[in-house]
């Protein structure tokens, strides 16, 4: 559905207002704060590009960004925040990182603007279009999201690139559905290329991000199979290419991740907290070759502060079988894994504002914090709300048979399942900084109600809900 010139200009006016608000309401341009982990990204950026670059101790996207924006020798970390020790400084200029902060700001505007536009051009009601754009920009321009732009870590780009991936994913699936109904043209290939480019940047930003794409793979396979079964090879090609290349990205990420040491410290932390204090769990790991000693069983705390990594026999086993054994343990104990996530839901949603710096009032609109709290709920009930709204969209799509609604429903289900996977893996993968590691999934859960309310509003305002009721009565 192509928007009219008047519609496009209206969106452009809203987007321009959002950009102006971001540039004027928030100050401290170019100022930043680092975290303890920021130095490892800079160290990876200083390594020469070589075939094994993807297997260094940090995922490649962020270090490569450092390389692109500045000569690596120009960077210097001068301000590190440690909230655990009540060290929450004000933002400051750090040599070289001003460009990183400005880039994160720009990608944020691009990603959230793209998501707002993707919904705008596919909704039919003017009121629903305006509401969706205003809700998305209000969500994205709240301190709960914007503050991360000033932190030298991957969260800012993780949120922004998710929005861009979601926007391109929605547009791509809409185009694939149109092609299946006789649509033609090469736009789907351009959209697919942009989707894969954004996906690659996001997948190699954080090692857990590939989980978000797993629910999409069977949908792409089904679209390709449907085109093949109908004998329309040309119609199946875009879905097949996207599926193949996305699978290739995931396999490459997993192979390079496995060849790296990025998983070792989180695994050691899990061993120290969740395995070693419990005899039955230790027995599971011992049966699979883990060397056990009295000294090992006494280990507690984080690998940064204990001597677990100095146990040569253990580390040899960890490098050989540790990750596979922990994954087997999760599969063998699904009830435990579920409770690990479920029991922490209230805690994991208890914060929505970064704790790494204190902002001056003139650099942040304080009233936006309270407004942002409405848009970023600190209740885990948002998961239930997102699930129920997704169910309503699926119901509307099934009852009306409207292809556009079916595509929306498929994307909503993808967002929901992808968010759940990101959230769960963030919790089960690392026992430290759990709120931050689960933040990617939490952000999607918090965003979904606003997207789905706009979509369901469009269904109501365009008379589609009446069709749902009529078909329900006939049944």
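The values are calculated or read from the model by the stated rules, or taken from the named source; none is laboratory data. This structure is a prediction, so every number in the text was calculated from the model and none was measured. When we count neighbours, we look across all protein chains shown, and the Cβ atoms used for this are built from the backbone with ideal geometry, even at glycine.
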Which of (1) in contact with a helix residue (DSSP H, G or I) (Cβ under 8 Å, 6 or more places away or on another chain); (2) farther than 30 Å from residue 192 by Cβ; (3) in a helix (DSSP H, G or I); (4) at pLDDT below 95 does residue 285 not meet, given it meets every other one? (4)
Does region 82-101 hold any residues that are farther than 25 Å from residue 45 by Cβ and part of a loop (DSSP other than H, G, I, E, B), and which are they? 86, 88, 90
Considering every residue within region 7-22, establish whether at least one is in contact with a helix residue (DSSP H, G or I) (Cβ under 7 Å, 6 or more places away or on another chain) and part of a loop (DSSP other than H, G, I, E, B). no
Condition check for residue 138: within 25 Å of residue 45 (Cα to Cα), in a helix (DSSP H, G or I) and at pLDDT 95 or above: no
What are the residues in region 240-251 that are surrounded by 15 or more Cβ atoms within 10 Å (Cβ to Cβ) and either in contact with a strand residue (DSSP E or B) (Cβ under 8 Å, 6 or more places away or on another chain) or closer than 15 Å to residue 214 by Cα (or both), if any? 242, 243, 245, 246, 249, 250
Are there any pairs with C-beta distances below 6 angstrom linking a residue in region 364-376 that is under 13 Å from residue 146 (Cα atoms) to a residue that is assigned to a helix (DSSP H, G or I), with the two at least 6 apart or on different chains, and if so which? 364/143; 365/25; 368/143; 369/143; 372/143; 372/144; 376/144; 376/446
Just name the residue that is surrounded by the most Cβ atoms within 10 Å (Cβ to Cβ) out of those in region 35-52 that are farther than 17 Å from residue 71 by Cβ and under 23 Å from the mean Cα position of the chain (by Cα). 38
Is it true that some residue in region 421-431 is farther than 26 Å from residue 164 by Cα, outside the structural domain of residue 79 (by TED's automatic domain parsing) and crowded, with 16+ Cβ neighbours inside 10 Å? no
Does residue 382 satisfy the criteria of being surrounded by 13 or more Cβ atoms within 10 Å (Cβ to Cβ) and more than 30 Å from residue 284 (Cβ to Cβ)? yes
For residue 93, are the conditions met, namely being closer than 20 Å to residue 364 by Cα, surrounded by 15 or more Cβ atoms within 10 Å (Cβ to Cβ) and either in contact with a strand residue (DSSP E or B) (Cβ under 9 Å, 6 or more places away or on another chain) or outside the structural domain of residue 194 (by TED's automatic domain parsing) (or both)? no
